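Participant: Sharing a structure, written as structure tokens. Questions coming.
The values are calculated or read from the model by the stated rules, or taken from the named source; none is laboratory data. What you are looking at is a predicted structure, and each value in this text was computed from that prediction instead of being measured. Neighbour counts are summed over all protein chains in view; Cβ atoms, including those assigned to glycine, are modelled from backbone coordinates with ideal geometry. Ligands, DNA and RNA are excluded from the accessible area calculation, which covers all protein heavy atoms including side chains. Shrake-Rupley method; radii C 1.70, N 1.55, O 1.52, S 1.80 Å.
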Amino acid sequence: VQLQASGGGLVQAGGSLRLSCAASRSSDRFNLMGWYRQAPGKQRELVATISEGGNMNYADSVKGRFTISRDNAKNIVYLQMNSLKPEDTSIYYCYSLRWGRSTGHWGQGTLVTVSS
């Protein structure tokens, strides 16, 4: 499975960005898709995940500001990020886990930079 992320960039604090991540094969089915992020010198951390049935999970730090969604038919996961803060600056990685598998796949990462 290859995941192609896009949508990162530079934005001022308070602004918005929308990330997208598409799986290479639309015929696959994914139990879970989501986003993680990693800032310089820090560990990778969960941002948000969404199940095929639409159950969502968010990190406390992004609740109320970020919204995750997915298109199951196209195997695309989105992350709408509003009210961005400088501390949201990170490389954002998309993640997918196929049904019946215990190990998922990672996208290449997309850089989000929020200026103050």
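Participant: Looking at segment 47-68, can you tell me whether even one residue there is in contact with a strand residue (DSSP E or B) (Cβ under 6 Å, 6 or more places away or on another chain) and among the basic types (Lys, Arg)?
Facilitator: No, segment 47-68 has no match at all.
Participant: Scan segment 73-81 and give yes if some residue there is open to solvent by 60 Å² or more (accessible area, probe 1.4 Å), in contact (Cβ under 8 Å) with a residue 24 or more places away in the chain and over 15 Å from Ser6 (Cα atoms), otherwise no.
Facilitator: Yes, segment 73-81 contains a residue that is open to solvent by 60 Å² or more (accessible area, probe 1.4 Å), in contact (Cβ under 8 Å) with a residue 24 or more places away in the chain and over 15 Å from Ser6 (Cα atoms).
Participant: Looking only at segment 18-68, which residues are outside any loop (DSSP other than H, G, I, E, B), among the basic types (Lys, Arg) and open to solvent by 50 Å² or more (accessible area, probe 1.4 Å)?
Facilitator: Scanning segment 18-68 gives a single hit, Arg18.
Participant: Any residue in segment 17-40 that is free of Cβ contacts under 8 Å to residues at least 40 places away in the same chain and on the phi < 0 side of the Ramachandran plot sitting within a Cβ distance under 6 Å of a residue that is among the polar types (S, T, N, Q) and open to solvent by 30 Å² or more (accessible area, probe 1.4 Å)? List the pairs, counting only those 6 or more apart or interchain.
Facilitator: Between residues of segment 17-40 that are free of Cβ contacts under 8 Å to residues at least 40 places away in the same chain and on the phi < 0 side of the Ramachandran plot and residues that are among the polar types (S, T, N, Q) and open to solvent by 30 Å² or more (accessible area, probe 1.4 Å), the close pairs are Ser24/Gln2.
Participant: Tally the residues that are in contact with a Phe, Trp or Tyr (Cβ under 8 Å, 6 or more places away or on another chain) and open to solvent by 30 Å² or more (accessible area, probe 1.4 Å), restricting the search to segment 82-93.
Facilitator: The total comes to 2.
Participant: Are any residues in segment 97-116 hydroxyl-bearing (Ser, Thr, Tyr) and either open to solvent by 30 Å² or more (accessible area, probe 1.4 Å) or out of contact with any Gly (no Cβ under 6 Å at 6 or more places or on another chain) (or both), and if so, which ones?
Facilitator: Ser102, Thr103, Thr113, Ser115, Ser116
Participant: Moving on. With respect to Gln108, is the statement that it is at pLDDT below 95 and polar (S, T, N, Q) true?
Facilitator: Judged against the criteria, Gln108 is a match.
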